[in-house]
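Data block below; observations after.
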Amino acid sequence: MKKYIQHQAPVLPVKDIRTSLAFYRDSLGFEIGWLWEDSYTSVFNGEIEIHLDKQDIITPQTIYFFVEDADRVFEFLKKQNVEIIKDIELTPWGMREFSVREINGHIFRIGHGVKTTNEIESFRKYLPDSSSW
């Protein structure tokens, strides 16, 4: 069966639900969706929902967030004192992106596709000569 999935919500293990909720709300700018018995919760930002699950053992996960303006989000998170682990840059694959680590060790890569003339020109140098395709 095709096209039966309507929505997805990554489930991230966290050490403490209340501390994690405060971080997601106050530092990352998420809103709290719901909370169940200090052991499972939901946060959202725009169309993205993440579930947080209280666990004794945390295996860090990586999630990529596509945003409209990575530079603006980078500046916001920097002001919020979120741990930046990779500064914003234009990648060879055409993304303007950076990475942060949240308080449970999870990595969020955040970026947008090239869209300004300067970004497109910077990206072109990484493209192979299309005449050889």
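Only the coordinates and a few stated rules stand behind these numbers; no lab work does. Every value quoted in this text rests on a predicted model; they were computed, and no experiment measured them. Using ideal geometry, Cβ is built from the backbone for each residue, glycine included, and neighbour counts are taken over all protein chains shown.
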May I ask you to derive the relative contact order of the chain, considering only C-alpha pairs under 8 Å and at least 6 residues apart, and to give it as an integer percent? 20
To the nearest 0.05, what FRET efficiency results for Arg25 and Ile63 with a Förster distance of 25 Å applied to their C-beta separation? 0.90
How would Tyr40, Tyr64 line up from fewest to most surrounding beta-carbon atoms within 10 angstrom? Tyr64, Tyr40
A chain fully extended from Ser39 to Arg18 at 0.36 nm per residue, minus the present Cα-Cα distance, gains in nm 6.7 nm
Translational D (Stokes-Einstein, µm²/s) of the chain at 20 °C and 1.002 mPa s when Rh comes from the Kirkwood sum over C-alpha pairs? 130
Using only Cα atoms, find the angle between the long axis of helix 17-26 and the longest principal axis of the chain, and express it within 0 to 90 degrees, rounded to the nearest 10. 40
With label points set 7 Å from each Cα along the Cα-to-Cβ direction at Asn81 and Ile48, the distance between them in nm comes to 2.3
Fewest-first sequence of His112, His51 by Cβ atoms within 10 Å of each Cβ: His51, His112
Run the helix sum for the chain: -39,500 (n - 2.57) per DSSP H stretch of 4+ residues, divided by residue count, reported at 222 nm to the nearest 500 deg cm²/dmol. -6000 deg cm²/dmol
Ordered by number, the trypsin sites (Lys or Arg not before Pro) in segment 1-61 that occupy a DSSP loop and have at most 15 other Cβ atoms within 10 Å are Lys2, Lys3, Lys15
Arrange Leu52, Leu21 by Cβ neighbour counts within 10 Å, fewest through most, would you? Leu21, Leu52
Two-decimal ratio, segment 9-56, of alpha-carbon radius of gyration to 2.2 N^0.38 Å: 0.99
Using alpha-carbon positions, what is the distance between the centroids of segment 15-31 and segment 52-102, in Å? 15
Entries of Lys54/Lys86; Lys3/Lys79; Lys15/Lys78; Lys3/Lys86; Lys15/Lys79; Lys2/Lys78 with Cα pairs more than 32 Å apart: Lys3/Lys79; Lys3/Lys86; Lys2/Lys78
GluC sites (Glu not before Pro) restricted to DSSP loop in segment 45-107 with at most 15 other C-beta within 10 Å: Glu47, Glu68
